[in-house]
Amino acid sequence: MSKSYDVVVIGAGPAGYIAAIRAAQQGLSVACIDEWKNKDGKNAFGGTCLNAGCIPSKALLESSELYHRAQHEFKKHGISTGDLGIDIAAMQKRRAGIVRQLTGGIAGLFKANKVEGLVGHGKLLAGRKVEFTPVEGDVEIIEARNVVLGSGSTPIELSVAPYDGDKIIDSWDALELDAVPATLGVIGAGVIGLELGSVWARLGAKVTIIEAMDDFLFMADRDVSAVAAKEFKKQGLDIKLGAKMTAAATTGSGVKVDYEDGNGAQSIEVDKLIVAVGRRPFTDGLLADDSGIQLDERGFIVVDDECRTAVKGVYAVGDCVRGPMLAHKGSEEGVMAADLIAGEISEVNYDVIPSVLYTAPEIAWVGKTEEEIKASGRAYKTGSFPFAANGRAKALEQTSGMVKVIAAEDDDEILGVHIVGPMAGELIAEAVLAMEFSASTEDLQRTIHAHPSLAEAIHEAALAADKRALNYPN
Ligand code: FAD
Ligand code: NAI
């Protein structure tokens, strides 16, 4: 007799594994199928995020930033270190250890929540049946009252620069380099290009980033991207804007990259080239021809606002559906799908999804940029506060950047908060919570912030929106 579950989830990334756990917490019987295999040949839950994305990149960002600060900042504190060195093997061992602990943690969470974790390939058939091909053993057909598809995404490959896993590499390979390349090229000054470019630049690589757009960080507020561009330049990242790569060819020693910019045809030679031009939804082998699931023209699974596909009882969440490709967005969709399956009312507030770049300084925002609000025609006011006037930032020796709050002129509702500076990725949580509750700048102004803290910069920026900043001239 075939197995049957209330919910079968395909994909154990942050969208799928969270959907599985939430569904189990709702008292439903749940199986979660995942086929991820790491470079050591071992299967692991956690998807891109835990194995090859969010977590390993942040581990390396931390190591490389500490190294950079020890080199450039410790002297100011009166700390001398003697000869400073970096052991890349030890750094990578720490990264791999963190990944192992967290992915093992998901297996533990599955057990604790009575989710059956199934290792292998899942394929949705017609009639809410799932074909499960285990890593070992025979193919099984599983009956599911509901299915959640969370198959994630994969790096886009450029035909002019196909990956060879050695010199022309994707973000996963770039996280697992065992030596610092003397010269590193990156195609794309997006989130991955800037985070991984920063890692290897801090460790000593000469990094050149080639970006097709004319505007730096075009998705961010202009005030934020201007500060960030200046800081990254100071750190030695050579970012070429309005530059279109035309060809990349491996040579004996590295890669020759041809591109065109405002000055005509250019060429650079680098030891390694990371291609980070975005990701595409991954649905290879996921859907039987008669599954009834529709893909849009870019390959995303078509869903409504509640992540329902065209097939009753089948949901899709995370990177394989529309919206920003972010772990926390996928997880919240996973929670929503599980709650809807359990018969509850649930929704995701797509207007308040925070974005964070874990560079130094960090960049984080939620809501609309000033440019978007201006274009909407709504009257607005802004307040900014620089970290240079914040005591905690001074003590941290991290005074670059600022907080900018944008609010509606008529009812004072906060429309966007943009931060570039220390711990921006942590600070943004206050702004997300405020916007989730439709707070006004007055609400932030009247909220007591601990002193001295970086969060005081948010308080002061909210005050500045009404020209009432207390620790900076209005
Ligand atoms: P995934 O994490 O891709 O997981 C999908 C899983 O499904 C995989 O394990 C895959 O093997 C499995 N699967 C697919 N098809 C099948 C099938 N047919 N059968 C069985 N299993 C299948 N986001 C952030 O929010 N913050 C960050 O700091 C951040 N940093 C990143 C850094 C890098 C270098 C990269 C590449 C990405 C980063 N992201 C970050 C993006 C984040 O990783 C993704 O948004 C997130 O992983 C998407 O989750 P998901 O569950 O939809 O898909
Ligand atoms: P991205 O969309 O952030 O950036 C890609 C960049 O490449 C863009 O600036 C684009 O203009 C440029 N580009 C595209 N084609 C090009 C070409 N042919 N030549 C030169 N430039 C070109 O994508 P990225 O950095 O690959 O990241 C993928 C996804 O992973 C992101 O969308 C993000 O959601 C997620 N991610 C999130 C992180 C975070 O939250 N901190 C960290 C890393 C990734």
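The values are calculated or read from the model by the stated rules, or taken from the named source; none is laboratory data. Nothing here was measured: the structure is a model prediction, and the numbers come from that model. Please note: Cβ atoms are built from the backbone with ideal geometry, for glycine as well, and neighbour counts cover all protein chains shown.
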- Query: Phe300 passes all but one of (1) touching a residue at least 60 places away in the same chain (Cβ under 8 Å); (2) touching a Lys or Arg at 6+ places or on another chain (Cβ under 7 Å); (3) more than 18 Å from Pro354 (Cα to Cα); which number fails?
  - Reply: (1)
- Task: Inspect all residues belonging to segment 193-200 and state whether any of them is surrounded by 17 or more Cβ atoms within 10 Å (Cβ to Cβ), farther than 30 Å from Glu372 by Cα and more than 10 Å from ligand 2 (Cβ to nearest atom).
- Result: yes
- Message: Between Ala24, Ala90, Ala59, Ala70, which is hydrophobic (A, V, I, L, M, F, W, C) and within 16 Å of ligand 1 (Cβ to nearest atom)?
- Response: Ala59
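A quick yes/no check of all residues on (1) under 30 Å from Val366 (Cα atoms); (2) away from ligand 1 (no atom under 12 Å from the Cβ); (3) in a helix (DSSP H, G or I):
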{"site": "Glu260", "(1), (2), (3)": "no, yes, no"}
{"site": "Gln266", "(1), (2), (3)": "no, yes, no"}
{"site": "Asp289", "(1), (2), (3)": "no, yes, no"}
{"site": "Asp305", "(1), (2), (3)": "yes, yes, no"}
{"site": "Met325", "(1), (2), (3)": "yes, no, no"}
{"site": "Ser331", "(1), (2), (3)": "yes, no, yes"}
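Is it the case that Pro56 is at negative phi and assigned to a helix (DSSP H, G or I)?
yes
For segment 96-172, which fully contained strands (runs of 3 or more DSSP E) count at least 3 residues that are within 16 Å of ligand 2 (Cβ to nearest atom), of a type outside the set (Lys, Arg) and at pLDDT 95 or above?
153-155
Could you grab me the full set of residues in segment 173-189 that are outside any strand (DSSP E or B) and either modelled with pLDDT under 95 or more than 16 Å from ligand 1 (Cβ to nearest atom) (or both)?
Asp178, Ala179, Val180, Pro181, Ala182, listed by residue number.
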- Message: Take the conditions away from ligand 1 (no atom under 16 Å from the Cβ), basic (Lys, Arg) and not in a strand (DSSP E or B) and apply them to Lys312. Does it pass?
- Response: yes
- Filter result (charged (D, E, K, R) and closer than 14 Å to Trp365 by Cβ) within segment 424-455: Glu426, Glu430
- Here are Gly204, Gly193: which of them is in contact with a strand residue (DSSP E or B) (Cβ under 7 Å, 6 or more places away or on another chain) and either of a type outside the set (A, V, I, L, M) or modelled with pLDDT under 95 (or both)? Gly193
- Six or more apart or on different chains, Cβ under 8 Å: which pairs go from a residue in segment 70-93 that's more than 12 Å from Leu203 (Cα to Cα) to one that's of a type in the set (S, T, N, Q) and exposed (fewer than 10 other Cβ atoms within 10 Å of the Cβ)? Could you list them? Phe74/Ser80
- Item | segment 331-351, subset surrounded by 19 or more Cβ atoms within 10 Å (Cβ to Cβ) and in contact with a strand residue (DSSP E or B) (Cβ under 8 Å, 6 or more places away or on another chain), residue farthest from Ala431 (Cα to Cα) | Ile341
- Message: Taking the conditions exactly as written (within 23 Å of Val135 (Cα to Cα), modelled with pLDDT of 95 or more, under 18 Å from the mean Cα position of the chain (by Cα) and assigned by TED's automatic domain parsing to the domain that holds Gly330), does Ala15 satisfy them or not?
- Response: yes
- Which is within 20 Å of Gly13 (Cα to Cα), within 16 Å of ligand 2 (Cβ to nearest atom) and in the same structural domain as Val417 (by TED's automatic domain parsing), of Val356, Val317? Val356
- Query: Within segment 280-320, how many residues are closer than 30 Å to Ser171 by Cβ, surrounded by 14 or more Cβ atoms within 10 Å (Cβ to Cβ) and basic (Lys, Arg)?
  - Reply: 1
- Message: Tell me yes or no: at least one residue of segment 251-274 is in contact with a helix residue (DSSP H, G or I) (Cβ under 7 Å, 6 or more places away or on another chain) and touching a residue at least 60 places away in the same chain (Cβ under 8 Å).
- Response: yes
- Met336: passes all of (1) in a loop (DSSP other than H, G, I, E, B); (2) outside the structural domain of Ala174 (by TED's automatic domain parsing) but (1)
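Per-residue answers, yes or no, for (1) touching a residue at least 60 places away in the same chain (Cβ under 8 Å); (2) β-branched (Val, Ile, Thr); (3) within 16 Å of ligand 1 (Cβ to nearest atom):
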| position | (1), (2), (3) |
| --- | --- |
| Val405 | yes, yes, no |
| Ala408 | no, no, no |
| Asp411 | no, no, no |
| Glu430 | no, no, no |
| Glu436 | yes, no, no |
| His451 | yes, no, no |
- Val270 being aliphatic (A, V, I, L, M) and either within 16 Å of ligand 1 (Cβ to nearest atom) or in contact with a Cys (Cβ under 9 Å, 6 or more places away or on another chain) (or both): no
